[in-house]
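J.: This is the structure I want to talk about, given as structure tokens.
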Amino acid sequence: MVCLKPEFRPMTLVDIPAVLRVERASFTNPWTRQAFYNELAYNQFAHYTVAEKEGHVIGYAGMWLILDEAHITNIAIHPDFRGSGAGEALMEYLMEWARSSGAKSMTLEVRVSNRAAQNLYRKKGFESMGIRPRYYTDNQEDALIMWTKLGGGSDEQEGQYPRTGN
């Protein structure tokens with residue numbers, strides 16, 4: 001598949017139907033329309049982005065920026081566009097947006113069985129830092145907690161991540 005970098009822009013309420021199509025094609029326990037609405041309309045910490053090709057939403061991602069930490073809440077590329085480099089481009093966009101917004105570190109959870117996503121995250125500098133037992137409600141699968149530093153100043157202590165409870 002040819003890698004044509006998607007365009008990125010902030011998600012709006014009008015994007016919810018297209019985002020739900022990506023969500024439902026990607027996850028066994030998809031978020032609801034109301035969940036996305038609440039994130040966009042009420043969550044002051046939330047930043048959601050859509051990835052578009054030729055005016056069509058092919059993916060999206062959400063994160064919360066709290067103080068100097070960015071937490072990726074969800075990220076998905078429609079199955080028809082996986083393997084095209086769109087997921088990696090979206091991760092790079094998120095990491096740069098978080099960095100430019102003052103985040104020093106970034107975290108996410110990923111299914112322990114989702115090796116493809118884990119490989120992408122490791123490629124982007126994420127490290128495994130713990131497990132959240134029975135995190136996923138659809139099948140009680142554990143989540144791997146991953147963190148990365150977003151670069152920056154010499155005041156950062158190398159290798160120091162926020163503590164995560166198990």
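J.: If I filter the range 1-53 down to residues being assigned to a loop (DSSP other than H, G, I, E, B) and in contact with a strand residue (DSSP E or B) (Cβ under 6 Å, 6 or more places away or on another chain), which single residue comes out as surrounded by the most Cβ atoms within 10 Å (Cβ to Cβ)?
T.: The selected residue is P6.
J.: Separate question: Does at least one position in the range 65-83 carry a residue that is in a loop (DSSP other than H, G, I, E, B), more than 16 Å from the chain's Cα centre (by Cα) and among the hydrophobic types (A, V, I, L, M, F, W, C)?
T.: Yes, the range 65-83 contains a residue that is in a loop (DSSP other than H, G, I, E, B), more than 16 Å from the chain's Cα centre (by Cα) and among the hydrophobic types (A, V, I, L, M, F, W, C).
J.: In the range 137-166, what count of residues is obtained for those that are in a loop (DSSP other than H, G, I, E, B), touching a strand residue (DSSP E or B) at 6+ places or on another chain (Cβ under 8 Å) and at pLDDT 90 or above?
T.: Summing the residues that are in a loop (DSSP other than H, G, I, E, B), touching a strand residue (DSSP E or B) at 6+ places or on another chain (Cβ under 8 Å) and at pLDDT 90 or above in the range 137-166 gives 3.
J.: So, in the range 107-142, exactly how many residues are surrounded by 14 or more Cβ atoms within 10 Å (Cβ to Cβ), more than 24 Å from G83 (Cβ to Cβ) and of a type in the set (V, I, T)?
T.: Selection size over the range 107-142: 2.
J.: Which residues, counting only those in the range 85-109, are part of a helix (DSSP H, G or I), within 15 Å of G151 (Cβ to Cβ) and of a type in the set (A, V, I, L, M)?
T.: Matches in the range 85-109: M91, L94, M95, A98.
The values are calculated or read from the model by the stated rules, or taken from the named source; none is laboratory data. Predicted model only: the values in this text are computed from it and were never measured. Neighbour counts run over all protein chains shown; Cβ positions are idealised from the backbone, glycine included.
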